[in-house]
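The values are calculated or read from the model by the stated rules, or taken from the named source; none is laboratory data. As the structure is a prediction and not an experimental result, all values here were calculated from the model. Every residue, glycine among them, receives a Cβ derived from its backbone with ideal geometry; neighbour counts consider all protein chains shown.
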Amino acid sequence: MALKTETMILNMGPQHPSTHGVLRLELEIEGELIVNVKPHLGYLHRCFEKHAEAMQYNQVVPYTDRMDYLAAMGNNFGYVLAIEKLLGIQVPERVEYIRVIMAELQRIASHCVAIGTNGADIGALTPFLYLFRDREYILSIFEETCGARMLYNYMWIGGLSHDIHPNFVRRTKEFTSYFKNTIVELDNLLSYNKIFVERTANIGILPADTAINYGATGPVLRGSGVKFDLRKDDTYSIYNRFDFDIPVGKGLQGTVGDSWDRYYVRVREMEQSLRIIEQAIDQIPEGDVQSAIPKKIKPPKGTVYTRVENPRGELGYFIISDGNTNPFRVKVRAPSFVNLEILGELCKGHLVADVIAILGSIDIVLGEVDR
Amino acid sequence: MKEYLKNTWLGIYTVLVGMKITFKHLFTPAVTIQYPEVKLKLPERERNRLYVNIDDCIGCDQCSRACPVSCIDIETVKSIPGEDLGTTSNGKKKAFWVTNFTIDFAKCCYCQLCVFPCPTECIYMTDVFEFSTYERNDLVYQFSNLTKEEAEQKKINFANFQAEKEKQKAAAATAPKTENPSQPNTN
Amino acid sequence: MNYYDILFYLFAIITLVSAGFVVTTRNVIYSAFFLLFTFFGVAGIYVLLAADFIAVVQIMVYVGGILILLLFGVMLTNKITNVDIRTGTGNLLPASIAVGLLMGALVSVMIYTGWKVQPGEVPDTSIKQLGALLITDYLLIFELLGILLLIALIGAASIARRDKE
Amino acid sequence: MYQYFYELTGSVIISTLITAVFPLVNVLLVALLGVYLERKVSAWMQDRVGPNRAGPFGLFQTVADFIKMLQKEDATALDIDKKLYNIAPVLVFAGSFAVYAVIPFSSKLIGSEIEVGLFYALAVSSFVVAGILMAGWSSNNKYSLLGAMRSAAQIVSYEIPTALVVLAMVMFLGTLSLSKISEMQTAYFWNWNILGGAEFGLVKFLLIPFMVVGFVIIFISTLAEVNRTPFDIPEAESELVAGYFTEYCGMKWAMFMLSEYGNMFAVSAIVSILFFGGYQSPFGYLGNTLGIEWLIPYEQAFWFILKGWFFIFVQMWLRWTLPRLRVDQLMTVCWKYLIPYAFVNLIIIGIITLL
């Protein structure tokens, strides 16, 4: 006796509390079991790449802020590195140090949101608010330094828009010592909570080879146990001067590469970022942060590809210059976009509620997916 | 069976640990800032609404060109000899009437790129962030201190001056060929 | 006519009218929900008969259990997005004849049986007697019913667990 | 309650009115204060301030919300089933309100002293299930339907551990009447059932751990029955938007909220009656010491409401601490953990009671 069952199409989004923006997921479900997931993109498309062609090189920087708006410093960083490579500029030491500290602070802030929303999607709203409270601290450091809380336009080609604020070192040190308590609290409140573990462990298992084949990067790849971090493996700026570890998923609560591992890698990465900041903050040399900024940015003909380790993974800029003041083409390899492709693979055979947990653990930012 | 009891224990224990943490927070003071009553002291580098000190503006249009979203709109008219525009605070001589200087804050992305090229430091970002309006057009701020009539007058003056010059040129050269009269300078 | 009568007729009307709708309405979901009111009316009548325990059991088992399962079944087996869940009422004539005959038989039994009426105190509560009877006089039936339900439970579970080909 | 007020006022009409209106007022107050407290508790736990604009400490926030909701346009979707859609909130509220008929607020303030009170309280909650299914189905929305299905499955399943613990308690106490259960745990807090009941002896001390287990089980399963976190999956905001009441707005939506908070108090009341002495004061009565007889019922009502609110607070505390379970894990917790434990507990309590 074969029972005939029909699948049902459930539209999740674009207006849904936990699709992290205007993502539309077309879920094909059988009861509550997922048969297929189709993400529909483009609701937030703002033509970044096309816009960039009409901009002068330095005018593109504020646009890069708006891609991954939770990690704007990292976006700036990748772009300015690309243009500096094209121009052949060596930036002063001070700038390098400040850039690394900023990028790591931004990584913590971004992971705060990622972890918080992952928890909030699963129902734990309180850790989400604790993390936002602490993210606010980082944002106010940024605000004091460059005047903006979210869209910084801080790293310029060849330098920085402002030197660090006199309070910067003190406040950053305060933050690093304070934030360690938050991580302990977060671990007790959320990471090891039995319900949270049950909801995320063994859910959305991403084997290492699948992750590599899909081109996943960042915590998604490292959650699968692949020790790959551009800061170490294709080192840029001055990351090779610091001593830090790359946390990878070990399957402590379930299988390697499950949602919990992806979540936990982020928590441990925050600790490593704190380590980098603590090492860098005392070594900032004196100097002028704007001395290397070129008067007119007119790179020679050529192409360049640089990649940086953004909180969400490998952020790559491919830029073609035709010798003009405007870039001929800017192509962005957005980590969220690439990581989102895996969603369909991960969700198959899980329940509707798991889609949320998996999506939260992939941690996408729609501004970057759609650009 | 061992797994079963362990799960039960972990379930109860971790819940109690979490409850302890939230209970502790029940008595920690709130971090909220009661916004309209309490306002944070904003840092001096705060990037909010732009302000243009029009007395110092020389109408060089650099800010408008630096703007990635083209929200600054400047129209200038060359002064005619005999008009005294005064000098800017850092001693530059002004040569243009700024007949129109509008910034559309609905477009502005607060990137501060316009501030750096300014030779007289007359455009800068302030810490004013409360300027919401009911009309989108109210967000277009006019910074020029000339009234519409004055601006028109300046344009007419310049056109007259130009025409005069043309005439003189034509008379002086007595050549049949005339050059294109240059338009009032907008760039 | 006292309060008791008014309440009795109220519950009787609720029961009968909703039972009528259960049979006649063409929308299966409506039938199921009308069944809710039928059960409720019956429970009310039980209360009026001083059988409070039975009344509560009526609500618990029929409303809380059977009706919910019924609704589950109806909602899950039909196209859930489509409101049109309708049944035809075929065989109207044979059904009414059969029901009429049955009703006639029941009514005649009711009228012609010599009921033994024993006047006496209405018991304060029926739980104690019920409990005592269930594990003394009717123990065998009670146990058999328990086994029957267990078999049904195991059967349902094994059908539900059967792997798909 | 009727009797008490009849003796007090001597008027049939007034005492009938009070008897009828008192639980309703209580439900409304519970909902109003409950929503306020929920916001405040969540705010405090999250280092926020919470509502503080309307009235002193924001006390009138929920009143303001209520007025706002009254004024709201009744926007409904096009393809809903109008009749069922309109009945559903009423049915849900009726189900949760009906429990209040048997809850003894004090030795005098009790709607109906029926013998099967405990059983009745469990039974009428099935109307809530029917109402929820009705709401979910008639909304003609997939999210609502999934929410309704989950909710119904959840409430029906969690009735079993509840019933098992209640059964153990009934075996121990020998009555189903809520007021009698309360009466049995009189005088001081060591007579409460959680501490082994009123009779002193070896049995009392043997019972204590099992009573605690029973209390934990019934507390968890009543949490699930009223759809509170970590069991709030029917209305799981991040998955199903708002579950079965996604399509509702204005006062109809408020009815669901009202019944949720009404239910919270009702289950808190039942838990406190079963294990924490119901309306009994933990340290004797001021009325007895001072010799003021009429004060005692009011003192009892005070203690009862205090206990009810304490458990509501614990429910909120849990809500703002824990993530929510998944649908199948919810069933796992119920069938694989709570029911076996409840069964073992039932048998052990039975054996100890026989001693």
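The table that follows gives values for the structure above.
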quantity	calculated
Unique residue being part of a loop (DSSP other than H, G, I, E, B) and surrounded by 23 or more Cβ atoms within 10 Å (Cβ to Cβ) when the list is D:Gly277, D:Gly308, D:Gly262	D:Gly277
Candidate set: region A:99-129, residues that are more than 19 Å from the chain's Cα centre (by Cα) and surrounded by fewer than 24 Cβ atoms within 10 Å (Cβ to Cβ); chosen: the one farthest from D:Leu322 (Cα to Cα)	A:Leu129
One residue from D:Ile217, D:Ile208, D:Ile194, D:Ile160 being within 25 Å of D:Leu330 (Cα to Cα), surrounded by fewer than 23 Cβ atoms within 10 Å (Cβ to Cβ), away from every other protein chain (no Cβ under 11 Å) and touching a residue at least 12 places away in the same chain (Cβ under 8 Å)	D:Ile217
Tabulated pairs, region D:294-320, first within 14 Å of chain A (Cβ to nearest Cβ), second outside any helix (DSSP H, G or I) and among the β-branched types (Val, Ile, Thr), C-beta under 6 angstrom, 6+ apart or interchain	D:Arg319/D:Thr229
Residue within region A:157-166 that is in contact with a Pro (Cβ under 6 Å, 6 or more places away or on another chain) and within 30 Å of B:Lys24 (Cβ to Cβ) present	no
Per-region count, region A:157-186, residues more than 9 Å from chain B (Cβ to nearest Cβ) and touching a residue at least 24 places away in the same chain (Cβ under 8 Å)	19
Answer residue from region B:20-43, given it is more than 8 Å from every other protein chain (Cβ to nearest Cβ) and not in a loop (DSSP other than H, G, I, E, B) and is surrounded by the fewest Cβ atoms within 10 Å (Cβ to Cβ) among those	B:Lys24
Enumeration of residues in region D:29-58 that are away from every other protein chain (no Cβ under 14 Å) and surrounded by 15 or more Cβ atoms within 10 Å (Cβ to Cβ)	D:Val30, D:Ala31, D:Leu32, D:Leu33, D:Gly34, D:Val35, D:Tyr36, D:Ala54
In region D:109-132, the residues that are in contact (Cβ under 8 Å) with a residue 40 or more places away in the chain, at the interface with chain C (Cβ under 7 Å from one of its Cβ atoms) and either closer than 15 Å to D:Phe97 by Cβ or in contact with a Leu (Cβ under 7 Å, 6 or more places away or on another chain) (or both)	D:Glu115, D:Val116, D:Phe119
Residues of region B:120-141 satisfying the condition of being surrounded by 14 or more Cβ atoms within 10 Å (Cβ to Cβ) and either touching a Ser or Thr at 6+ places or on another chain (Cβ under 7 Å) or not in a strand (DSSP E or B) (or both)	B:Thr120, B:Cys122, B:Asp127, B:Leu139, B:Val140, B:Tyr141
All positions within region D:119-176 that are under 19 Å from D:Gly214 (Cβ atoms) and of a type in the set (Gly, Ala, Ser)	D:Ala121, D:Ser157, D:Ala163, D:Ala168, D:Gly174
Flag if D:Thr289 is part of a helix (DSSP H, G or I), exposed (fewer than 15 other Cβ atoms within 10 Å of the Cβ) and at pLDDT below 85	yes
Selection status of A:Arg329, under 16 Å from A:Val100 (Cα atoms), in contact (Cβ under 8 Å) with a residue 60 or more places away in the chain and touching a strand residue (DSSP E or B) at 6+ places or on another chain (Cβ under 7 Å)	no
Some residue of region A:201-214 being out of contact with any strand residue (DSSP E or B) (no Cβ under 6 Å at 6 or more places or on another chain), closer than 30 Å to A:Pro92 by Cβ and either among the hydrophobic types (A, V, I, L, M, F, W, C) or surrounded by fewer than 23 Cβ atoms within 10 Å (Cβ to Cβ) (or both)	no
The listed residue being among the hydroxyl-bearing types (Ser, Thr, Tyr), part of a loop (DSSP other than H, G, I, E, B) and within 11 Å of the chain's Cα centre (by Cα), out of B:Tyr51, B:Tyr110	B:Tyr110
Number of the condition not met by A:Phe244 [criteria: (1) under 22 Å from A:Glu345 (Cα atoms); (2) at pLDDT 85 or above]	(1)
Filter result for the condition that a residue is within 12 Å of the chain's Cα centre (by Cα), assigned to a helix (DSSP H, G or I), free of Cβ contacts under 8 Å to residues at least 60 places away in the same chain and not assigned by TED's automatic domain parsing to the domain that holds C:Leu134, over C:Phe11, C:Phe21, C:Phe33, C:Phe40	C:Phe40
Subset of region B:58-96 [assigned to a loop (DSSP other than H, G, I, E, B) and either under 29 Å from A:Arg149 (Cα atoms) or within 12 Å of another protein chain (Cβ to nearest Cβ) (or both)]	B:Asp61, B:Cys67, B:Pro68, B:Val69, B:Ser70, B:Cys71
Selection status of D:Ser268, under 16 Å from D:Ser96 (Cα atoms), touching a residue at least 12 places away in the same chain (Cβ under 8 Å), hydroxyl-bearing (Ser, Thr, Tyr) and assigned to a helix (DSSP H, G or I)	yes
Options D:Ser144, D:Ser106, D:Ser96: the member that is among the hydroxyl-bearing types (Ser, Thr, Tyr), away from chain C (no Cβ under 11 Å) and buried (at least 24 other Cβ atoms within 10 Å of the Cβ)	D:Ser96
Test for A:Val289: is it surrounded by fewer than 24 Cβ atoms within 10 Å (Cβ to Cβ), touching a His at 6+ places or on another chain (Cβ under 9 Å) and modelled with pLDDT under 90	yes
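Here is a yes/no grid of residues against (1) part of a loop (DSSP other than H, G, I, E, B); (2) under 30 Å from B:Thr22 (Cα atoms); (3) in contact (Cβ under 8 Å) with a residue 40 or more places away in the chain:
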{"residue": "D:Asn26", "(1), (2), (3)": "no, yes, yes"}
{"residue": "D:Val41", "(1), (2), (3)": "no, yes, yes"}
{"residue": "D:Gly50", "(1), (2), (3)": "yes, yes, no"}
{"residue": "D:Glu73", "(1), (2), (3)": "yes, no, yes"}
{"residue": "D:Thr76", "(1), (2), (3)": "yes, no, yes"}
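Here's the yes/no breakdown for (1) farther than 13 Å from A:Val330 by Cα; (2) surrounded by 23 or more Cβ atoms within 10 Å (Cβ to Cβ):
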| position | (1), (2) |
| --- | --- |
| A:Arg24 | yes, no |
| A:Lys38 | yes, no |
| A:Leu44 | yes, no |
| A:Tyr63 | no, yes |
| A:Asn76 | yes, yes |
| A:Ala82 | no, yes |
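To keep it simple, each residue is scored yes or no on (1) on the phi > 0 side of the Ramachandran plot; (2) modelled with pLDDT of 85 or more; (3) within 14 Å of chain B (Cβ to nearest Cβ).
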| site | (1), (2), (3) |
| --- | --- |
| A:Leu3 | no, no, no |
| A:Met12 | no, no, no |
| A:Gln15 | no, no, no |
| A:Glu30 | no, no, no |
| A:Leu33 | no, no, no |
| A:Val37 | no, yes, no |
| A:Val60 | no, yes, yes |
| A:Gly78 | no, yes, no |
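Each row is one residue, and each column tells you yes or no for (1) among the charged types (D, E, K, R); (2) at pLDDT below 80.
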{"position": "D:Phe97", "(1), (2)": "no, no"}
{"position": "D:Ala101", "(1), (2)": "no, no"}
{"position": "D:Ser107", "(1), (2)": "no, yes"}
{"position": "D:Glu113", "(1), (2)": "yes, yes"}
{"position": "D:Tyr120", "(1), (2)": "no, no"}
{"position": "D:Ser125", "(1), (2)": "no, yes"}
{"position": "D:Ala130", "(1), (2)": "no, no"}
{"position": "D:Trp137", "(1), (2)": "no, no"}
{"position": "D:Lys142", "(1), (2)": "yes, yes"}
